[in-house]
Structure formats: C-alpha cells, structure tokens
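Accompanying notes for the structure given below.
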Amino acid sequence: MTRDARPPLLKRQHLLAIDDISSLEAIRILDLAERYVEVSRQTDKRQLVLQGRTQVNLFFEASTRTQSSFEIAGKRLGADVMNMAVANSAVSKGETLLDTAMTINAMQPDFLVVRHPSSGAAELLAQKVSCAVINAGDGQHEHPTQALLDALTIRRHKKQFEGLIVAICGDVLHSRVARSNIHLLNKLGVQVRVVAPSTLLPSGIGNFGVEVHRSMETGLKGADVVMMLRLQLERMTGAFVPSIREYYRFYGLNAETLKIAKPDAMVMHPGPMNRGIEIDSDVADGVQSVIREQVEMGVAVRMAVLDALSRNIPGGGNS
Amino acid sequence: MINPAKHSARRRAYVNANIVAPAQGLNGKGGILIEDGWILDVGPKVTKDSVGASATVTDCKGLTLIPGLIDMRVFTGEPGTEYRETLASASGAAAAGGVTTMIVMPNTQPVIDDAAIVDFILRRARDTASVRVAPMAAITKGLNGEMMTEIGLLKEAGAVAITEGTKPVASANVFRRALTYAKDFDLLVVQHVEEPSLSSGVMNAGETASRLGLSGNPAMSEVIMLERDLRLVEMTGARYHASQISSRHSVEVMRAAKARGLPVTCGASVHHLVLNENDIGAYRTFFKLSPPLRSEDDRRALVEAVADGTIDVIVSGHDPQSADTKRLPFAEAAYGAIGLETLLSAALSLHHNEGVPLACLVEAMSSKPAEILRLETGRLAPGAPADFAIVDLNLSWIVEEDVLRSRAKNSPFEHRTLEGRAVETIVAGESVFAYARS
C-alpha cells in the first residue's frame, strides 16, 4: 500500500480508550488488520506506509509482549522505532511523567506508545504532546489494542459478533483488558458476561452492560468464548481471595470446566498466563485455545492502528 | 486579636445597603456605622441623614452587606512551602472573596504542634496578612497520631481548636484521651472523618471510579469514623466538630447525633456542595479532593443539610497545590483545591439555583463558625469588630488563572462563570479589597 490513496479511518488524533471510539471505527481497524495479517505471513513483510516516521515506545511498566508487538508492528510498516527503557532513565531520578514526555516530544516523534501504571496517564500525555499517543495500557483503565486484537481473533473464528456470548473470567477488578473488552464487545453486539468472586469485581459493574456471574457453572454455560484473565499473584495474599488453591478450585479453567461452555468455545488469555492457577496447561495448549493466534493478531492490529492514526497526522499521506 | 495598627480612627458609615446578618435578626435595608475598627451601630436606622456630617459616608446603592466570612478550613504553605502560598498571598485571595478571617490548618512544615509556632503564625499574619488569621493546632505531636500536643499551652498561645487537618486520629484510644483532655480546657476538637484502612482510594467508590480504573474511597469510610467519634464524644462530653462531611449517610448520622443532644457540629466544603464525582471527567486532578467528591445524590443531601442546619458550616478547604503536585496522573496527584476567592460565589449558586436562603448561607460562613470557635467576629452588632463584606449578588465573573490572587491556581472553577461576588471587603474598619469592574 502506498502512502497516498489511503482514506481516513479514525476520527481522532490519539487512541486512548475503546470507550470513546465508535463501532464503525473499530470495524474499520479490524478490516485493515485483516490485510496486515496477510502481509505478516509473507516472506517479505516490509511496508512503506510509515517510512520516515518515528515511533517511540515509552513503557513505564515492564512488558515483553506488548512492547515487542508494537515494535514489530512499527518496523514492518517502515517506521523508525525506539524503545525507551524508562527504568534506567530520568524517571527514576524523579523526573515526572510529563517532563519525560515533553522531552521526547521535543525530539519530534510521530507516535508515542505509552504504558503506565496509573489510570489516565495516556490521556494526560495526549493533552500535552503534539504527536499521536497510543495507549498501551494505563493502570486499571484501558488497553485498547488488546481489545481490538481479541475482537479480531474472535471474528476470524466466529465470522460475526451479533449474538455471541463471551465470558470474561477472573480478576476483572484490576484488569484494564477486561474494561476495554467489555466496552468493545458491547459496541459490537456481543453478550458479555463477567465471572469472578465479588472481591474481584469493580463496584457498579452491573451498569457496564454485562451479566455478572459468581460461578463458572452458570457463567460458562452456553459461552462461545471463554476469556481468562491473569490473576495477579501479588494480589493473592488474603485481601482479595484466600489462596491460590481455593481460587483454582472455583475459578480455574480446566478441561472439566471448559465442558460447560459450548463444544466449539474458543479459549483466550491476554497473557502472560499463570499455568495451573487460572488456566490448566492442557486447556491453554488444547485445540480450543487461540492464545498464540491472539499474539499474531496483536501485531496486525497494532499495524492497523499505527497506519490509521498516521493518516490523521498532517502530511501523513491523507492529502 | 484585633490588630490595633490597622484600626481606623475615622468614623465611617456604609448606608443604603441590603443588610443580611441573620444571627442579629437583620435582613433588609439599612446601614452600618463604624469607628476605630469597631461597629458603633447597625440596622435600618443608620442612614445618610442619621449619621450626618460626623462620618464619611459610602452609599452601597442597594448592594448586600454581610458579616465578613470566616473560613474554618484553610491551608497555606507558610511555613514550609511558601512557593505554593504564603499567609500574605492567601489573605489577598481571602479578601477578594469576602473572607475576613482564615482559620489555618496545622499541616505545615514544621507542623503547628508547639506554642512557638502558633505564635509565629500570629506574628507573621499580623505583619503580612490583610485579613485576620487564627490557627488550629495539631492534636498529636508531628501529626503522628501518637503523643498528645500541649493542648493547654497551644490554646493559651492562640490556637482556636485542635485538629490533624488532612488526616484523622486513627487510634480510638489516643482520640479518646485527646477529647477528655481538651474538654478540661474547653477546646474544640476537629476531626477529618475518614477510616484510614478504608480510604486508600483516590475518588468516590462506584461506577464512575470503576470506569476510570481508579481505586475507590467509599462513603462508608467517613460514616464509620464519624460514628466511632460520636460514641467517644458521648463518653467524654468534649466539643467535637467534623471538619467536612461528604455523604448522605453522614448527614443522617449527624442529624441523629444532634437530636440526641451531643455537643457536635460539622462542616462541608463548598466544592462538595456544588460539584460531584462526574466533574472529574477525563482525570482532572483539580477535582481530586479529600474527602472525594461524591455522587449527585450525596451532593443533594448535603445541600438539604445546609438548608436545615444539620451542616453548620461551609468551608472552602483552600489547599494550594502547584504543577509539581497536580500535573500528574490522577492517582499520583495531590489532593486539594484552592477556594478562598470562590467560596462565596460558589455558595451563592446554591441561593440562585437551588433555593437555599441567602441568610442560611451567610450564617454558615460567619456567625456559625464564630460561635463554634468562640470568636468575637462573624456578627454585625454594636461593639463587634468591623469585619464585613459588600456583595453584588448578581455580578458575573469568570474564574481565570490571571484573575485569581492565590499564588496557586488549582481552582476547580477554572474557566467557569460564577454569579455574585464580594465587591468590597472591610477588616477592622479598613477596606482591604475593592473589586475593579472591567
């Protein structure tokens, strides 16, 4: 694809949250991502769409898969990609998030891909910098590209969203993945359930347009997709759930519990997995699992997002 | 605490005003005659003709004249963080807001936990501030919640109450002792009502917090601390004031406690009376307050409680913060908003839009705090200090950074238009602020 002749896809400069994008915008991203799945499967993957553009990955939280996914996505599109190792930089010397961002902004990047442990951090940056900001996960708020890649994975298997039942299981309270997925799947016409002990559900979850279940027995019944969330082990010390053993007994996904869902139900997990805690290995690696495919879709979706946002950059090929 | 240097030797009169001083039964046309910083006469009989040539006369042209406001909850940066606010800069903001007495909190560096620091504040205020300043002192040394301060000496030095300001005394035992001891000195104990183990969240718990991915601070944390404290008050008989309540449940608890005859009072910040959690919008840190802004239902309950007197006092909670503490992700940003300059204007919106009687608002910001703190100000009566404000109830003004006199600019009303404001403020007979109409 050349840089000219690319119609605009998104009505925004940044991708900060799924909550404020429309279903139409989401579908356009998914359609574009399909093409990048094909591109990524070619021997020669190099595109020229972002040639000459600079992408900075600013990760204030350690992340192997999301950061490398964004890096590969940018590079396949021809962008110059730089990873900021924030732990070793000025931030640990007391510089604030905004100071760091302004410093990088002064170097004229076109994209800032940000992950930060505080909710709203991407939004704050977007108010202050001139480049396009992509939220790669902010605190317990949102992780929009994860929701898009999950939706793409689901669509490739189920062909459509309308009428599907997706059960999101586990630590919904602390999960930005769950929030973004709830918002996106709702917009796409999916019937979303959350399955978790009450201590791991955010207050007011009933108003998010989801069915709330406290047991896998009811929550997985008739589900087309079982989406497991990572249980943060550091939160396991008594305050939210009593023990790993107990959690596994009631909320772990194994071959037995998976039988409650539809026979062709897809098993998903945003990773990294705690095998034997929220998900058994035989299920994670079983025929119903699409976990590795999610990773592949991640690159394609991020290529699509970078491409779409680049069209809104002045002089970005949108003329 | 009248500062003699500021007294006016001249006899002056403000006439043709709409005087609203409900505690003195004044509500209507009249004037005020002052001399040497004191009120000589006030009421309908004070007119241009009655004072004759004996005084300089100002015609208020029908504007409203109210007692100078007493703001029971003000933080400054002096001593310790003067780059945020000094007593002088805060007093400039106060004067512009019709506030003639600021009650400053002990959360300074060093903490106001020693008679010498009370003395320092009073001397700095005398030398630099344009309005009256009275400090509350800490309940415990260093605000650590452990060792009681020298409550008697602090009172002697001029502390008007004791409080930990932004934090509660968590230990029921320490708080019980402080109440018991303070009672012997008849000193008011002021508590920030929040159960610490329940209040780690950064905004009101609920759907909005869940959507923003922010940790929630439930209203229950306030109610639990309030109910505990009320039991301790029942046990000790000390005078107790909850500095700010923020929820419907707390209103109900206070209403019941007052009906039982306990010596308790409470306040609410004007921010909690006019704003709610939805104002946080896209992580706007100027709306990050402690206690957090709560739901619209809670806000309405607070407004009703002001109208029926369950909430005694309205405060600004003035808390200057700068970019280094506010331009951060929401969870990391400091709590607090400035409010001295907008206290009256924001409170007036309750009169304009929600039918709260003006007299009720004036009482909650003048005579009630004066009564609770046993101050001689806050009333318009012969023999009282001449502290008052002339207010244009309908004057619209826009809150912008360059208009605000506070050194810090963290106002949640930034860019908003407010209706009504002080156009002249008089402290001890001296005009300390006059509004320049543009």
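Apply 1/(1 + (r/R0)^6) to the Cβ-Cβ distance of residue A:246 and residue B:297, taking R0 = 41 Å, and write down the FRET efficiency to the nearest 0.05.
Values: r = 37 Å, r/R0 = 0.90.
Given R0 = 41 Å and the Cβ-Cβ separation, E is 0.65.
Most mobile of B:226, B:187, B:153 per a Gaussian network model of chain B (Cα springs, under 10 Å)?
Ranking B:226, B:187, B:153 by mean-square fluctuation puts B:153 first.
Counting only DSSP beta bridges with both residues in chain A, what percent are antiparallel, rounded to the nearest 5?
Rounded to the nearest five, the antiparallel share is 5 percent.
Mind sorting A:257, B:149 by how few other Cβ atoms lie within 10 Å of their own Cβ, fewest first? Please list the in-between numbers first.
Numbers: A:257 19, B:149 24.
Ranked by crowding around the Cβ, least crowded first: A:257, B:149.
Nearest-5 percent of antiparallel DSSP beta bridges in the protein assembly as shown? Display every interim value, and only then the final one.
Working: 33 of 97 bridges.
Rounded to the nearest five, the antiparallel share is 35 percent.
Using alpha carbons only, how many degrees (0 to 90, rounded to 10) separate the axis of helix B:172-184 from the longest principal axis of chain B?
Long axis of B:172-184 versus the principal axis of chain B: about 30 degrees.
Across the residues of A:111-122, average count of Cβ atoms on other protein chains within 10 Å? Numbers along the way, then the final one.
On the way: counts 0, 0, 0, 0, 0, 2, 3, 10, 11, 14, 6, 2.
Taking all residues of A:111-122 together, the mean is 4.
R0 = 51 Å: FRET efficiency of residue A:295 with residue B:146, Cβ-based, nearest 0.05? Spell out each step's value before the answer.
On the way: r = 53 Å, r/R0 = 1.05.
Efficiency, from the Cβ-Cβ distance: 0.45.
How do the peptides B:370-376, B:210-216 rank, highest first, by the average count of neighbouring beta carbon atoms within 10 Å per residue? Present the calculation step by step, with values, prior to reporting the outcome.
Details: B:370-376: 18.4, B:210-216: 23.7.
Highest to lowest by the protection proxy: B:210-216, B:370-376.
Give the calculated FRET efficiency between residue A:127 and residue B:180 to the nearest 0.05, with a Förster radius of 56 Å applied to their Cβ-Cβ distance.
Working: r = 51 Å, r/R0 = 0.91.
Step by step, r from the Cβ atoms, then E = 0.65.
Normalised by the residues of chain A, what does the relative contact order come to in percent, with Cα pairs under 8 Å and at least six apart?
Taking the mean separation of contacting Cα pairs over the length of chain A, I get 22 percent.
Just want the ordering: B:360, B:266, from fewest to most Cβ atoms lying within 10 Å of their own Cβ.
Ranking B:360, B:266 by Cβ neighbours within 10 Å, fewest first, gives B:360, B:266.
Taking every DSSP beta bridge that has both residues in chain B, what percent is antiparallel when rounded to the nearest 5? Present the calculation step by step, with values, prior to reporting the outcome.
On the way: 32 of 61 bridges.
Taking every DSSP beta bridge within chain B, about 50 percent pair in antiparallel fashion.
On a 0 to 90° scale, report how tilted helix B:343-354 is relative to the longest principal axis of chain B, with both axes built from alpha carbons and the result rounded to the nearest 10.
90
Output the relative contact order of chain B, whole-number percent, from Cα pairs under 8 angstrom with separation of 6+ residues.
Relative contact order for chain B comes out at 20 percent.
For peptide A:203-213, how many partner chain Cβ atoms fall within 10 Å of a residue's Cβ, on average? Display every interim value, and only then the final one.
Numbers: counts 9, 8, 3, 1, 5, 3, 0, 0, 0, 0, 0.
Neighbouring Cβ atoms belonging to other protein chains average 3 per residue here.
Can you sort A:259, B:155, A:45 from fewest to most other Cβ atoms within 10 Å of each residue's own Cβ? Write out the running numbers ahead of the final one.
Values: A:259 11, B:155 20, A:45 15.
Ascending Cβ contact count within 10 Å gives the list A:259, A:45, B:155.
Pairs of alpha-carbon atoms within less than 8 angstrom and 6+ residues apart define the contacts here; what relative contact order does region B:158-283 have, in percent?
Working: 191 pairs, mean separation 29.8, N = 126.
Relative contact order for region B:158-283 comes out at 24 percent.
Residue by residue through A:96-108, how many Cβ atoms from other chains fall within 10 Å of the Cβ on average?
Neighbouring Cβ atoms belonging to other protein chains average 1 per residue here.
Students often check this: by mean Cβ neighbours within 10 Å, which of B:290-299, A:95-104 ranks highest, and how do the rest follow?
Details: B:290-299: 21.3, A:95-104: 17.4.
The densest-packed peptide leads the list: B:290-299, A:95-104.
Relative to the longest principal axis of chain B, what angle (0 to 90°, nearest 10) does the C-alpha long axis of helix B:248-259 take?
Around 70 degrees separate the two axes.
Looking at region B:393-428, which GluC sites (Glu not before Pro) are in a loop (DSSP not H, G, I, E or B) and have at most 12 other Cβ atoms within 10 Å? Please report the intermediate quantities before stating the final value.
Details: sites: B:400, B:401, B:414, B:419, B:424; in loops: B:400, B:401, B:414.
Answer in residue order: B:401.
Among B:76, B:425, B:310, determine the one that fluctuates most according to a GNM of chain B built with springs between C-alpha atoms less than 10 Å apart.
Checking each option, the largest mean-square fluctuation is seen for B:310.
Bear in mind that the values in this text are calculations on the coordinates, not laboratory data. This structure is a prediction, so every number in the text was calculated from the model and none was measured. Every residue, glycine as well, gets a Cβ built from its backbone with ideal geometry; the counts of neighbours run over all protein chains shown.
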